[in-house]
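Participant: Got a structure for you, written out below as structure tokens; questions coming shortly.
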Amino acid sequence: MAQVRTGRRYRTKRADSHYDAIVIGSGMGGLTNAALLSLLGKKVCVLEQHYTAGGFTHAYERNGYEWDVGVHYIGEVHKPSTLGRIFDVISQGRLKWAEMDPVYDKIILGDEEFDFVAGRDNFIEELCKHFPDDRQVIQDYIELIRKMSRLTPKFFMGQAMPRGLGNFYNRFLRRLLLPKEFFQTTRVVLEGLTNNQKLISVLTGQWGDHGQVPEDASFVMHALIAKHYLAGGAYPVGGASEIARTIIPTIQQGGGEVFTYAEVDELLVENNQCVGVKMVNGDEIRADQVISNVGFMNTVERILPAAQRQQYNVNKEAEKLQRSSASLCIYAGFKGTAEELGLNSTNLWIYPDGDHEGNMKRFLDDPDAAAPLIYVSFPSIKDPDWDNRFPGKSTVEIVTLSNIDWFKAWDGTTWQQRGEDYEQYKQQQGERLMEVLFQRMPQLRDAIDYYEVSTPLSTQFYQLNKEGEIYGLDHFVERFGQSCLHPQTKLKNFYMTGSDVMTAGVGGALMGGLFTTMSMHGLRGSKIVKQLLKDYKIPEA
Ligand SMILES: Cc1cc2nc3c(=O)[nH]c(=O)nc-3n(C[C@H](O)[C@H](O)[C@H](O)COP(=O)(O)OP(=O)(O)OC[C@H]3O[C@@H](n4cnc5c(N)ncnc54)[C@H](O)[C@@H]3O)c2cc1C
């Protein structure tokens with residue numbers, strides 16, 4: 001069985017005293033940035049505080065099962081695509097993808113079910129079965145998200161430029177170049193297409209992929225996700241940990257390393273330039289350039305020294321942004337293969353009804369109200385290698401929203417020592433969610449072998465995200481114009497990468513890694529990185 005943990009445990013003597021670049025955090029954005037820099041000839045050190053690399057793309061094992069954490073499905077990579085090519089380059093062809101069932105998502109609004117079927121025409125035909133009078137609207141919608149997707153490079157182009165130019169472009173020029181839908185909320189755009197509220201509820205049935213209801217979310221985010229999955233979903237062969245495992249050798253070949261148990265305490269700043277990092281154990285490692293993949297909030301609240309925080313007035317910038325939702329998740333293991341249990345790989349999105357905004361509001365006001373969204377994924381079925389590694393077993397994951405404020409009673413407690421009342425709370429929540437699963441799939445009731453519950457406190461503990469947020473910053477319309485989210489920061493030689501400089505999602509974070517690499521290379525950065533992606537020859541296996 002492949003070891004699910006990736007990266008090399010940090011020890012003072014294992015690290016060099018100087019690197020070309022240090023990447024703090026080994027999420028999808030950090031690994032992409034580090035691998036691209038390595039392929040461009042740099043020696044890169046990635047420092048990850050967790051016991052394994054990968055950020056939200058890591059997987060973990062317990063009680064004879066393995067679960068992914070933040071990779072349930074990824075679009076485009078199983079087809080000829082930019083995303084697929086970038087993965088091929090940074091993993092040097094080692095990472096393989098398995099396509100999911102054609103019905104990648106099932107949207108369930110109360111008693112009604114709607115399938116999202118891979119392929120533009122299939123998608124349209126399936127939805128038209130439910131909305132025969134709305135064929136034109138559905139076609140217009142699909143054309144709109146395809147157009148948005150085509151124009152997306154223009155929307156994000158400023159992130160690849162040096163900071164001053166990029167922010168000028170983001171603030172002024174792109175508004176002139178792009179249609180208004182890029183600057184509107186999902187609900188505003190969709191209500192411009194149709195009055196059919198049920199159709200809108202169905203089309204927005206993947207809002208859990210970024211965590212914001214249609215009234216609050218930028219339509220860019222909606223359109224990118226809808227288009228991302230339009231050709232179906234895919235999953236890494238061998239499980240989510242294969243993402244980090246297959247990229248790390250690229251970084252090592254460049255003379256670098258990916259260290260785990262390596263928490264960075266603070267940036268080292270001398271003469272107004274970032275010159276390296278100070279680790280929590282006091283070690284100092286120097287580098288010509290430092291890149292943060294720990295998210296904007298963690299960057300400004302935890303690793304930017306107080307003097308720079310004040311100098312750059314970052315608190316004011318942070319006030320304009322908000323953290324995304326937190327989650328409560330079930331990781332369940334079952335005795336029996338997918339075939340024996342009658343499972344398939346379609347994700348389920350279970351909503352009380354189509355009133356996404358109302359359900360969310362009621363839930364935030366009253367945690368005992370119906371969950372505004374319950375997502376169910378079947379990871380073991382998505383991985384064709386699963387049966388070789390875990391014969392006779394299956395896994396299910398259930399995700400719902402939560403709120404850090406509901407966990408105030410356990411402030412200051414730590415993992416596995418939060419007390420009996422916390423365990424009871426988790427048990428109640430777990431039973432409630434498992435019951436939703438059993439109602440839909442009664443055959444699973446007798447097959448359950450083990451399950452555990454994670455809360456926002458788990459995300460806080462493992463990921464260091466203060467409020468247990470799972471998608472970085474929220475994707476409201478104004479977020480995308482914020483100059484503080486540019487990859488090149490005000491501090492010389494210090495950059496940011498990952499989902500907060502682009503969008504949430506594995507693909508979004510990966511593109512963050514790409515754009516950060518571009519912006520690190522000045523005006524010619526875009527050309528240099530595109531050339532690498534074009535010319536790079538994948539080594540023979
Ligand atoms: C439950 C869930 C389900 C999801 N499902 C999907 C999905 O199906 N498809 C999809 O595309 N996306 C999904 N996502 C989103 C996707 O996983 C993330 O958006 C993406 O992986 C984020 O990547 P990132 O590069 O921004 O960094 P992150 O993954 O957030 O990584 C940041 C890293 O920084 C480390 N770090 C923090 N502080 C320090 C420090 N001081 N020193 C050193 N290291 C530090 C953290 O430990 C972490 O490893 C899901 C996310 C979650 C949580």
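Participant: Tell me, what is the per residue accessible area of the chain in Å², probe radius 1.4 Å?
Facilitator: Value returned for the chain: 40 Å² of accessible area per residue.
Participant: Moving on to the next point. Give me, ordered by chain and number, the residues 5 or more places off residue 401 or on other chains with an amide H under 5 Å from its own placed amide H.
Facilitator: The list, which skips near neighbours in sequence, is 328, 373.
Participant: Considering only C-alpha atoms, what is the centroid distance from the stretch 504-541 to the stretch 1-57, in Å?
Facilitator: 17
Participant: Okay, next question. Please name which of 336, 7, 391 has its Cα lying farthest along the dipole of the chain towards the positive end, using unit charges on Cβ (Lys, Arg +1; Asp, Glu -1) and the Cα centre as origin.
Facilitator: 7
Participant: For the chain, report the translational diffusion coefficient in µm²/s to the nearest whole number, using Stokes-Einstein at 25 °C, 0.890 mPa s, and a Kirkwood Rh over Cα pairs.
Facilitator: 104
Participant: Any idea how far the Cα center of the stretch 368-437 sits from the one of the stretch 98-161, in Å?
Facilitator: Cα centroid to Cα centroid, the span is 29 Å.
Participant: Would you give the gap between the C-alpha center of the stretch 450-464 and the C-alpha center of the stretch 182-254, rounded to a whole Å?
Facilitator: For the stretch 450-464 versus the stretch 182-254, the Cα centre distance is 23 Å.
Participant: Would you pull out the residues with amide H under 5 Å of residue 46's amide H, same chain only if 5 or more places away, H placed 1.01 Å from N?
Facilitator: 23, 257, 258, 259
Participant: For residue 366 and residue 408 in one chain, what is 0.36 nm times their gap in residues minus the Cα-Cα distance, to one decimal in nm?
Facilitator: Between residue 366 and residue 408, full extension yields an extra 13.6 nm.
Participant: In nm, to one decimal, how far is the modelled label at residue 173 from the one at residue 135, with both set 7 Å along Cα→Cβ?
Facilitator: Distance between the two pseudo-spin positions: 4.3 nm.
Participant: With charges only on Cβ, +1 for K and R and -1 for D and E, what is the dipole size of the chain about its Cα centre, in debye, rounded to 20?
Facilitator: Dipole magnitude for the chain comes out near 2640 debye.
Participant: Using a 10 Å cut-off on Cβ atoms, rank the peptides 327-334, 169-176 from the highest mean neighbour count down.
Facilitator: Per-residue Cβ counts within 10 Å, averaged per peptide and sorted highest first, yield 327-334, 169-176.
Participant: To continue, here is another question. Through the Karplus equation 6.51 cos²θ - 1.76 cosθ + 1.60, θ set to phi - 60°, convert the phi angles of the stretch 377-389 into ³J(HN,Hα) values in whole Hz; use x for Gly and Pro.
Facilitator: 10, 10, x, 5, 6, 6, 9, x, 8, 4, 5, 5, 8
Participant: So what are the ³J(HN,Hα) numbers for the stretch 8-18, from phi and the Karplus equation (6.51, -1.76, 1.60; θ = phi - 60°), rounded to whole Hz, Gly and Pro as x?
Facilitator: 10, 4, 6, 9, 3, 6, 7, 9, 6, 7, 9
Participant: May I pose another question? Putting +1 on Lys and Arg Cβ atoms and -1 on Asp and Glu Cβ atoms, find which of 210, 279, 428 reaches farthest to the positive end of the dipole of the chain.
Facilitator: Of the listed residues, the answer is 279.
Participant: Add +1 for every Lys or Arg and -1 for every Asp or Glu among the other residues with Cβ under 14 Å from the Cβ of residue 405, and state the total.
Facilitator: -2
Participant: Before rounding to the nearest 500, sum -39500 (n - 2.57) across all DSSP H runs of length at least 4 in the chain and divide by the residue total; then give [θ] at 222 nm in deg cm²/dmol.
Facilitator: -10500 deg cm²/dmol
Participant: Here's another thing I want to ask about it. Of the options 114, 450, 82, report the single residue whose Cα projects farthest towards the positive end of the charge dipole of the chain (beta-carbon charges: Lys, Arg +1; Asp, Glu -1).
Facilitator: Projecting each Cα onto the dipole axis, the largest value belongs to 82.
Participant: Which value, in debye to the nearest 20, gives the size of the charge dipole of the stretch 70-225 about its Cα centre, when Lys and Arg are +1 and Asp and Glu are -1 at the Cβ?
Facilitator: 1200
Participant: Counting only complete DSSP H runs, which helices of the chain cover 27 Å or more along their long axis at the Cα atoms and score a mean Kyte-Doolittle of -0.5 or above?
Facilitator: Within the chain the helices that satisfy the rule are 135-156.
Participant: Hey, if you drop one equal point scatterer on each alpha-carbon of the stretch 408-540 and run the Debye formula without solvent, what base-10 log of I(q)/I(0) do you get at q = 0.09 Å⁻¹?
Facilitator: With no solvent term, the Cα-only Debye profile gives -0.50.
Participant: Where Lys and Arg each count +1 and Asp and Glu each count -1, what net charge lies around residue 165 among other residues with Cβ under 13 Å from its Cβ?
Facilitator: Around residue 165, the charge tally is +4.
Participant: Then there's this: Per residue of the stretch 107-115, what does 6.51 cos²θ - 1.76 cosθ + 1.60 with θ = phi - 60° give for ³J(HN,Hα)? Whole Hz please, x for Gly and Pro, Karplus curve as stated.
Facilitator: 9, 10, 10, x, 8, 9, 10, 9, 9
Participant: Moving on to the next point. What are the extents of the Cα atoms of the stretch 230-348 along their three principal axes, listed from largest to smallest and rounded to whole Å?
Facilitator: In descending order, the Cα extents are 64, 40, 32 Å.
Participant: Can I ask one more? At most 12 other Cβ atoms within 10 Å and a DSSP loop assignment: could you name the trypsin sites (Lys or Arg not before Pro) in the stretch 485-541 that fit?
Facilitator: 537
Participant: Tell me, what % of the accessible area of the chain is carbon and sulfur with a 1.4 angstrom probe?
Facilitator: Roughly 47 percent, rounded to a whole number.
Participant: When averaged across all projection directions, what area in nm² does the alpha-carbon convex hull of the stretch 119-231 cover?
Facilitator: Dividing the Cα hull surface by four gives the mean projection, 7.3 nm².
Participant: Given a Förster distance of 30 angstrom, what is the FRET efficiency for residue 530 paired with residue 16, based on the Cβ-Cβ distance and rounded to 0.05?
Facilitator: Approximately 0.50, to the nearest 0.05.
Participant: Starting from the amide H of residue 276, placed 1.01 Å from N in the peptide plane, find each other amide H under 5 Å away whose residue is 5 or more places distant or on another chain.
Facilitator: Excluding prolines and chain starts, which carry no amide H, the hits are 268, 287.
The values are calculated or read from the model by the stated rules, or taken from the named source; none is laboratory data. Computed from a prediction, not measured in an experiment: that's the story for all the values here. Quick reminder, even Gly has a Cβ in these numbers, built from the backbone with ideal geometry, and neighbours come from all protein chains shown. Side chains included, ligands, DNA and RNA excluded: accessible areas come from the protein's heavy atoms. Shrake-Rupley method; radii C 1.70, N 1.55, O 1.52, S 1.80 Å.
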